[in-house]
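Values in this text are rule-based calculations from the coordinates and carry no lab data. Note that the coordinates shown come from a computational prediction; the quantities given were computed from them, not determined experimentally. Neighbour counts run over all protein chains shown; Cβ positions are idealised from the backbone, glycine included.
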Amino acid sequence: MKETSTRLRPRQDTSSPYLNTAAKAKGKLWFGSATDTTTAETSDVSYMTIFNNSNIFGQTTPANTMKWEFTEPTQNNFTLSAGNETIALAKASGKLVRCHNLVWSSELPSWVTGGNWTNATLLAAMENHITTLIQGYGSSCYSWDVVNEALNSDGSFTSNVFLTNIGEAYVPLAYKYATAAVTATGADIKLFYNDYSIEALSTKNTAAVNLVKTIKSYGANIDGVGFESHFSTSYYPTTTQQEQAMASVAAEGVNIHVTELDVACSSVPCSTADLATQATAYYDTISACMGTTACTGMTVWDFDDKYSWIQPSSNGGEGNPDLYYSNYTRHPAYTAVYEAIEGQSCSVC
Ligand code: G3I
């Protein structure tokens, strides 16, 4: 009986090899994982045992708690408490925090999306939001994703309330406000632009590079670009393609973070072939970052399939994109990530 109950207990795998320890030993700032304190994760002991292991994860990103709907649900009524929960968790296990995000089309409260704005009033509201969050969270944020996902694949700007009322200048102006807010804190908080489908050379990658140039032309600061890296077993760029995309951004004198890496299997449970392809996609992405001096940190968009934003029911059957299965054991991709960090060939790809 005793033996049976022991076997049924979830076995959260926190054994070596250790991804964050290895990444830091190779000169990177972290290997990290996003987390979401708005879900059941934080009361899940097995999940938290892995999350809190700073040998595995040395950084976190709040998947939701710093978004506008959480932090300014009604105008000028700021609620930073949910974000502070994420920061407290991070600090308890020695993690840096990539704060995410200040200006995005999604997760906006109705007072923003439905407001009767002029250029001047929305700029003022945007500046107030940016300034209050940067100053409120202060040096607890290693970096901020100031503007998130502003570009379409053809290089045009994503339609949203900011574009409609302010025009394309909302992006560089957001960085201008963020730069001033960071200066006022006296802390060294890095400012990033974050987007997907920029991980290979493409029209959108070029548009992101141009955005960096535009932001700088406004006298604003930008320290880096986040490559989200949401891939699947049917699409992921090779190491060489990702290195080229990173090089085009790094040529502007800014850094790169891999910010939201995950690789969805085409169906669940992942087939043996899909697990090898998934491992290859993780391996290729981490190898590109390891091979690029300007790529300073690597983050997965949560680490356990149970809590992934990609669930088969809402993603056409795709799923299980993370480094850990729902039972807290590891996908082969975990080994692939370690081998990529170490510069070893992939034994599981
Ligand atoms: O907290 C509520 C819960 O109370 C409710 O019962 C449940 C029912 O729908 O919803 C829960 O909130 C959801 C939240 O995730 C927490 O799970 C929201 O509806 C849902 O919209 C939200 O989705 C998040 C999404 O961004 C939109 O903000 C995902 O968790 C989050 O992983 C995802 O993250 C984005 C990055 O910010 C930007 N890049 C893409 C990435 C993936 O889409």
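Structure values in brief
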read-out	value
Cut-off under 5 Å, modelled amide H: who pairs with residue 226 long-range	193, 194, 195, 257
Intensity falloff of segment 129-211 expressed as log10 I(q)/I(0), Debye formula with alpha-carbon point scatterers, at q = 0.18, 0.21, 0.23 Å⁻¹	-0.79, -0.97, -1.06
Rg(Cα)/(2.2 N^0.38 Å) for the chain, N = residue count	0.97
Cα Rg, Dmax, segment 54-163, angstrom units	14.9, 49
Förster-model FRET efficiency, 25 Å R0, residue 107 and residue 251, C-beta, rounded to 0.05	0.20
Diffusion coefficient, µm² s⁻¹, Stokes-Einstein with Kirkwood Rh over alpha-carbon pairs of segment 136-184 at 4 °C and 1.567 mPa s	106
Hydrodynamic radius of segment 18-62 per Kirkwood, over alpha carbon pairs, in Å	10.9
Filter on 28/306; 176/306; 91/213; 91/176 - keep pairs with C-alpha separation over 32 Å	176/306; 91/213
With at most 13 neighbouring Cβ atoms within 10 Å, loop trypsin sites (Lys or Arg not before Pro) (DSSP) excluded, longest segment of the chain	27-349
Spin-label proximity, residue 52 to segment 65-92 - amide N less than 18 Å from point 7 Å beyond Cα toward beta carbon	85-92
Fewest-first sequence of 96, 133 by Cβ atoms within 10 Å of each Cβ	96, 133
Share antiparallel - DSSP beta bridges, the chain, percent rounded to 5	15
Amide hydrogen neighbours beyond the local backbone of residue 264, cut-off 5 Å, H modeled	231, 232, 233
Theoretical FRET efficiency, 1/(1+(r/R0)^6), r = Cβ-Cβ of residue 135 and residue 238, R0 51 Å, to 0.05	0.75
